[in-house]
1. Report, in whole Å, the centroid distance computed from the Cα atoms of segment B:36-99 and segment A:33-64.
2. Please list the equivalent ellipsoid semi-axes of the protein assembly as shown, computed as the square roots of five times the alpha-carbon gyration tensor eigenvalues, in descending order and whole angstrom.
3. Can you list the residues, at least 5 places off or on another chain, whose amide H is less than 5 Å from the amide H of A:R31, using H built in the peptide plane?
4. Taking the dipole about the Cα centre of segment B:49-114, with the C-beta of Lys and Arg at +1 and of Asp and Glu at -1, give me whichever of B:Y49, B:F60, B:L112 is farthest to the positive side.
5. Counting Lys and Arg as +1 and Asp and Glu as -1, each charge on the Cβ, what is the dipole of chain B about the Cα centre in debye, to the nearest 20?
6. Between B:L41, B:L88, B:L21, where does the largest GNM mean-square fluctuation fall for chain B, given springs only between Cα atoms within less than 10 Å?
7. How many nm is it between the label spots at B:L114 and B:E84, if each spot is 7 Å from the Cα in line with the beta carbon?
8. Which residue fluctuates most in the GNM of chain B (Cα springs below 10 Å): B:T20, B:T30, B:T102?
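The values are calculated or read from the model by the stated rules, or taken from the named source; none is laboratory data. Note that the coordinates shown come from a computational prediction; the quantities given were computed from them, not determined experimentally. Glycine gets a Cβ as well: all are built from the backbone with ideal geometry, and neighbour counts include every protein chain shown. Side chains are part of the model used for accessible areas, which takes the heavy atoms of the whole protein and leaves out ligands, DNA and RNA. Shrake-Rupley method; radii C 1.70, N 1.55, O 1.52, S 1.80 Å.
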Amino acid sequence: EDKVVQSPLSLVVHEGDTVTLNCSYEVTNFRSLLWYKQEKKAPTFLFMLTSSGIEKKSGRLSSILDKKELSSILNITATQTGDSAIYLCAANNFNKFYFGSGTKLNVKP
Amino acid sequence: EAGVTQSPTHLIKTRGQQATLRCSPISGHTSVYWYQQALGLGLQFLLWYDEGEERNRGNFPPRFSGRQFPNYSSELNVNALELEDSALYLCASSPDAGVQETQYFGPGTRLLVL
C-alpha cells in the first residue's frame, strides 16, 4: 500500500532553534516529493524535489531528497514564531498525491 | 494571478442532507483535486478531475461524488451526510494531468454536520 509517514508528529522549539522534519515514503512509480506549510487553511507550496541529493533552499528553509532511503528532510534554521504551522509532505506518482499526516511545529518566543 | 477559490467558506448541514462544494482552479489549470482533512488528520485524497473526466478517486464511499465543468471548475457533492463527514475540504489545481508537479490549494470549505 502506498503511503507517506512524517515524523515527529509534533515539535515544540524556541525561537532561534534549528529543526529537522522527516518524511518517508513508499509510493509506486514515485515521481516527486513536495513540502507544504499549512498555517490556517490552505497549504502553501514550499519545495518540490525530484533528484536525490540536491538541496533546495529558500531563505532559512532547505530540503533534500534521498531516493535510496525513500525519504526527505526539511530543515528550518533560526526558527521564528511565524514558522509555527503544520508541515506536510506529499509523494507524487502518475496517479495521485499521497500526503503524510503532517508535523505540527510550535515555535515559542 | 488569482489563486484557487472555493465556496462556501463554511457550511453547516444536518445528518442525511446533501452538501455541494465548489472550486475554481487557477486560470489555465485543467486538473482539480479534492481532499478531506478531518480534525487532527492529514489530507485524504478524494477525487481527481482533468479535462472534465474523473481520473482517480480515493477510498471514499460512492456518496462522495463530483464533476468538472467545461471551464475546469469543479463541484464536490456529498450525499446522505454523516457526522464524520465534518472536515475541511480542500481543492487544489495543477496545470495539467501530465505536469503533476505542484498543486496549488484553495482556502477550503469547512463542513460541519450536526
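1. 24 Å
2. Working: eigenvalues 171, 83, 49 Å².
Its equivalent ellipsoid spans semi-axes of 29, 20, 16 Å.
3. Sorted by chain and number, the residues that satisfy this are A:N92, A:N93.
4. Value: B:L112.
5. Numbers: 8 positive and 11 negative charges, 92 e Å.
The calculated dipole for chain B is roughly 440 debye.
6. B:L41
7. Calculated label separation equals 2.3 nm.
8. Among B:T20, B:T30, B:T102, the largest GNM mean-square fluctuation belongs to B:T102.
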